[in-house]
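For reference, the structure discussed in these notes is given below.
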Amino acid sequence: MAATAVAGALIAAFTSSAAPTGTGWIDLLERALAVALVAVAASRARRWSLVFGSVLVTAGAPWPLLLGGLGALGGTVFLVETRVRSRVLGSLVGVAVALVSLGLEVPGPVGMETLLALTATVPILVSGYRRSTSPARSVVKRVALVVVCAAGLAVLLTGIAAVLSVADVSDAVAATEEAVDVATAGEGGESAALFASAGESFRAADSAVGSWWASGTRLIPLLGANLAAVQRSVSAGVDLTSAGEELVSGAEFSEVQLEGGGVDLVALEALQPRVTAAGEALASARSTLDGAESAWLVGPLADRLATVQDRLAETSDNADNAVVAVDGLPAVLGADAPRRYLFLFGNPAESRDMGGHIGNWAELVADGGRIELVEVGGPLDLASPELSETFLDTLPASFATMDPARNPQNLGATPDLPVAMDAAAQLLEQRTSRPVDGVVYADVGAFAAMLGLVGPVEVPGLPGFELDEDNAVEFLTRDQYILFDSPDASGDALEEVISTVFDRLTSTKLAGPDALGATFAPLVEAGRFQFMTYHDEDVEMLEHFSLDGAVPTPEGHDVLGVFNRNAGPSKIDSYLERDVASLIRWDPDSGAVASTVWVA
């Protein structure tokens, strides 16, 4: 019998994932103790209690624990039918019931599994106690009295700690959320003060709820899991606010920007260790909070923990973005050597695979953090018919047949930006002898976003008319073809508008990263703003932000794309509406996958 109890205890300790207290080593010991107690009690308990417990755990047991429940049920049936009184077999049944109880899965509110487990095992414990010897019952009574008194004292002390810390935790959470919002807006000084205030509140709360005298409840199932969640949340808050304060102290976004435009690469590179440290601290805090998850948490605390985890995940993602950006931007902005970029402006008034025909282009050079506009032109300014044969041999057939060398407005006739980049770079170099480091594709929506950053721009040839973020899309896709007398007139006017926009973009301080992200993230997601370079060191950053514009080629999987392309210069495709829907069917028996796509 003793061997059975010990074996059951070891199995429970090292195979079960039940975490009633939320602390690994305590849970291990308590699982082992619980199974051993049930095993000892079952060796003396009446058979009806074994039958009752076996039926209950079998009803709520998932596979493969169901086998243990059926084994316990079979053992009790044998005891009942044969009327055999075997303490060893009773102990084995008790071990099976206890082990299955630790892994029950029952639909319903939090605590249903615990309630069912107690309902199955308590009758066995009570029956075993009643059938024990008088000396044994006396020992159990004394131990139970000590445990109850100790638990009561622990709960009382934890309650006092909770009362002392609740205001501090509330203040800390509010200050942290405000600090994160202010930091993402680029206001480092104010954010640092808020992080410092939040840190003081978290540390005050930690001194109470995280103290040794308030931690006795960690030994109590259910209460221990909830206290562990609170303590880990407060501890994560201390780490988070400390890292946040270190990161943003003196890190105003405006200080990274140079007067007259551009980025101070020295200041940007100085941020790298602090941004990296903050990212690591956030990752550690997320890991700490993830460790606080437990099926034993009460509903309100579980909901609050989930909310904090969601906010921390968002903040951690922002920190990851910052780490990647601070690491990759210096090279892109010409820290090591000047970079030359070609902007291609797409216009869906004529549909092309990437979004629209190329109506204009701009050449920029980034050197030491400053960006200079070199030239703005129309598509035919890039035309190099002598490259047509080369393109036929080197470009994908569907792209080469649009003859982008002769008609550069067709540079958007591929959905793959790296392919378009190769063609565009060759055209600019053929025309100017200037090599290109990368290409940016921006459609009318992205250009409207740029206008939102620099303000309205007067359109030459249209007295009193200003182009702004609200009317840009309508004007570029439709109105320009009505208001100007000729394509040349509208093209010349737009070249001046583009020059003005880039002159302002490269000579003024921009909005903070939060505002820039909110503006351009939807455009990037929709493929309306893309950026790719020839430099391998840029790939991680561009892919991280989904800027690279490359058509995915997942190994072993299919890729379906539906594109609109109109080679005719009608300028009416902005009126086009197209719906695409797909239905994928999977046969679980054969594994076959069939898909149907509707294009209307």
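Structure data summary
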{"read-out": "Among (1) more than 35 Å from the chain's Cα centre (by Cα); (2) within 13 Å of residue 56 (Cα to Cα) - the single one residue 150 does not satisfy", "value": "(2)"}
{"read-out": "Where residue 287 falls short, out of the listed (1) modelled with pLDDT of 65 or more; (2) buried (at least 19 other Cβ atoms within 10 Å of the Cβ); (3) under 30 Å from residue 229 (Cβ atoms)", "value": "(2)"}
{"read-out": "Residue in the stretch 127-146 that is in contact with a helix residue (DSSP H, G or I) (Cβ under 8 Å, 6 or more places away or on another chain), part of a helix (DSSP H, G or I) and surrounded by 21 or more Cβ atoms within 10 Å (Cβ to Cβ) present", "value": "yes"}
{"read-out": "Some residue of the stretch 174-197 being aliphatic (A, V, I, L, M), surrounded by fewer than 22 Cβ atoms within 10 Å (Cβ to Cβ) and under 30 Å from residue 151 (Cα atoms)", "value": "no"}
{"read-out": "Qualifying position, being closer than 26 Å to residue 140 by Cβ and among the hydrophobic types (A, V, I, L, M, F, W, C), among 57, 106, 80", "value": "57"}
{"read-out": "Filter result (small (Gly, Ala, Ser) and farther than 23 Å from residue 424 by Cβ) within the stretch 509-560", "value": "511, 512, 515, 517, 518, 521, 556"}
{"read-out": "Residue in the stretch 564-573 that is outside the structural domain of residue 378 (by TED's automatic domain parsing) and outside any loop (DSSP other than H, G, I, E, B) present", "value": "yes"}
{"read-out": "Yes/no for residue 23 being surrounded by 20 or more Cβ atoms within 10 Å (Cβ to Cβ), in contact (Cβ under 8 Å) with a residue 40 or more places away in the chain, of a type outside the set (Gly, Ala, Ser) and closer than 27 Å to residue 288 by Cβ", "value": "yes"}
{"read-out": "Verdict on residue 414 being crowded, with 18+ Cβ neighbours inside 10 Å, out of contact with any Leu (no Cβ under 7 Å at 6 or more places or on another chain), β-branched (Val, Ile, Thr) and outside any strand (DSSP E or B)", "value": "yes"}
{"read-out": "Residues satisfying the stated conditions in the stretch 358-369, i.e. part of a strand (DSSP E or B) and either buried (at least 18 other Cβ atoms within 10 Å of the Cβ) or not assigned by TED's automatic domain parsing to the domain that holds residue 348 (or both)", "value": "358, 359, 360, 361, 362, 363, 364, 366"}
{"read-out": "Pair list, Cβ under 8 Å, 6 or more apart: the stretch 383-396 residue in contact (Cβ under 8 Å) with a residue 24 or more places away in the chain and in the same structural domain as residue 407 (by TED's automatic domain parsing), other residue among the basic types (Lys, Arg) and in a helix (DSSP H, G or I)", "value": "384/431"}
{"read-out": "Residues that are crowded, with 18+ Cβ neighbours inside 10 Å and either without any contact (Cβ under 8 Å) to a residue 40 or more places away in the chain or hydroxyl-bearing (Ser, Thr, Tyr) (or both), drawn from the stretch 29-46", "value": "32, 36, 43"}
{"read-out": "Scan of the stretch 3-42 for residues that are over 13 Å from residue 221 (Cβ atoms), within 37 Å of the chain's Cα centre (by Cα) and of a type in the set (Gly, Ala, Ser), ordered by number", "value": "12, 13, 16, 17, 24"}
{"read-out": "Residue 58 vs. criteria within 19 Å of residue 104 (Cα to Cα) and at pLDDT below 85", "value": "no"}
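The values are calculated or read from the model by the stated rules, or taken from the named source; none is laboratory data. Please read these numbers as outputs of a predicted model, since none were measured by experiment. Quick reminder, even Gly has a Cβ in these numbers, built from the backbone with ideal geometry, and neighbours come from all protein chains shown.
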